[in-house]
Amino acid sequence: MKLILKSALIAAACAVAMTSAHAEWPEKIVRVVAPYGPGGGVDTFTRPIAQKLGTILGQTVIVDNKPGAGGTIGVKNVLDSPADGYTFLSGGVHQPMAESLYPKRGYDLEKDFVPVAMTARVPSVLVVTNSAPFASVKELIAYAKKNPGKVTYCSSGSGTAQHIVGESFKRLAGVSMLHIPYRSTAPAMTDLIGGQCMLMFDGLGTSAQQIRTGRIKLLAVATATRTPLFPDAPTLKEAGGPAMDATIWYGWWARRGTPAPVVEKMAHAIRETLKDPTVAEAWKTQGATVPAQGDAEAARYMQEEAGRWKKEVVDLKITTD
């Protein structure tokens, strides 16, 4: 009896200690890994949140860019870090897209991670270099059919959303285009502006400023409806192309095993940052919206999207070659 009572007291003491530790989290710098380079969509929708989180949590939150292999290097880095609430993953739709492309990536997103929060939704857009030999979607398709393989499209890397959406367009439009992968969005955009590649299916968040300044042209949005940011830009279907709904979404994950109270506290803090007027304005200027789903709905949506894009990659027979 005494042994049982002693064990119960020890267990209770441990529970109190753990609860106290979680209540005091974070006690040191929190790291969020962005598995793509600076200047890309994930980075763009991570840094404003990280900055505001520092104020809300009372602790510095740093963004650690770890690009490469379609984002899988950065994700694996988070998996290899302790599940103690001091390392998080900020990614998006790109992560499930890479699942079927990198079978030896060393992790399973659904099994090894838990969703924390969705942070933004933004349409994909078809943007072209100013020197492109076509000025509309109809002209692009006609040119590509007349010149198979001569149309080049750049992306932030094999297995990223820009790559998968580009391949989806190729199949639906019945055209041949050459894919030119980069290590991140920034150098891809630089070469698009410079005319080294003809077009890109980019998230509006990283293309908006270049469109406004006239450095690239917006031909259409690759979603079912137009974007309020550029209301005159047609959807692909309206422009004479295939119907597509390639919404880019962003979110945060924690390594599975991270204490639930910590995950909940981070989720709440992220929701608070998204209410901040500065963050809201930044999202608005980039054509992004804040997802309306609650935590359970967001997790379900992210799982559904994972299944959708895994199937898309398999159906398209896309490889990383």
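The values are calculated or read from the model by the stated rules, or taken from the named source; none is laboratory data. Since the model is a prediction, treat every value here as computed from it, not as a measurement. Cβ placement follows ideal geometry from the backbone for every residue including glycine, while neighbour counts extend to all protein chains displayed. The accessibility values were calculated without ligands, DNA or RNA, using every heavy atom of the protein model including side chains. Shrake-Rupley method; radii C 1.70, N 1.55, O 1.52, S 1.80 Å.
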Quick count over region 186-222, residues being touching a strand residue (DSSP E or B) at 6+ places or on another chain (Cβ under 7 Å) and of a type outside the set (Lys, Arg), is 23
Of those in region 207-220 that are open to solvent by less than 30 Å² (accessible area, probe 1.4 Å) and under 18 Å from Thr44 (Cβ atoms), the residue nearest to the chain's Cα centre (by Cα) is Ser207
Checked region 163-200 for anything in a loop (DSSP other than H, G, I, E, B) and more than 20 Å from the chain's Cα centre (by Cα); matches are Gly174, Val175, Ser176, Gly195, Gln196, Cys197, Met198
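Here are Lys310, Lys237, Lys265: which of them is among the basic types (Lys, Arg), in contact with a Phe, Trp or Tyr (Cβ under 9 Å, 6 or more places away or on another chain) and surrounded by 14 or more Cβ atoms within 10 Å (Cβ to Cβ)?
Testing whether each residue is among the basic types (Lys, Arg), in contact with a Phe, Trp or Tyr (Cβ under 9 Å, 6 or more places away or on another chain) and surrounded by 14 or more Cβ atoms within 10 Å (Cβ to Cβ) leaves just Lys265.
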task: Examine region 269-284 for a residue that is touching a Pro at 6+ places or on another chain (Cβ under 6 Å) and either of a type in the set (A, V, I, L, M, F, W, C) or more than 27 Å from Ile62 (Cα to Cα) (or both), and state whether such a residue exists.
output: yes
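Determine, yes or no, whether Leu89 is more than 27 Å from Arg47 (Cα to Cα), within 19 Å of the chain's Cα centre (by Cα) and of a type in the set (A, V, I, L, M). Break it down into steps so the answer makes sense when it comes.
Working: more than 27 Å from Arg47 (Cα to Cα): no; within 19 Å of the chain's Cα centre (by Cα): yes; of a type in the set (A, V, I, L, M): yes.
The answer is no for Leu89.
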When restricted to Leu199, Leu178, Leu204, the only residue at pLDDT 95 or above and open to solvent by less than 40 Å² (accessible area, probe 1.4 Å) is Leu199
Out of (1) closer than 30 Å to Ser81 by Cβ; (2) open to solvent by 10 Å² or more (accessible area, probe 1.4 Å); (3) among the polar types (S, T, N, Q), the one Thr190 does not meet is (1)
Residues in region 111-136 that are open to solvent by 10 Å² or more (accessible area, probe 1.4 Å) and part of a loop (DSSP other than H, G, I, E, B) total 6
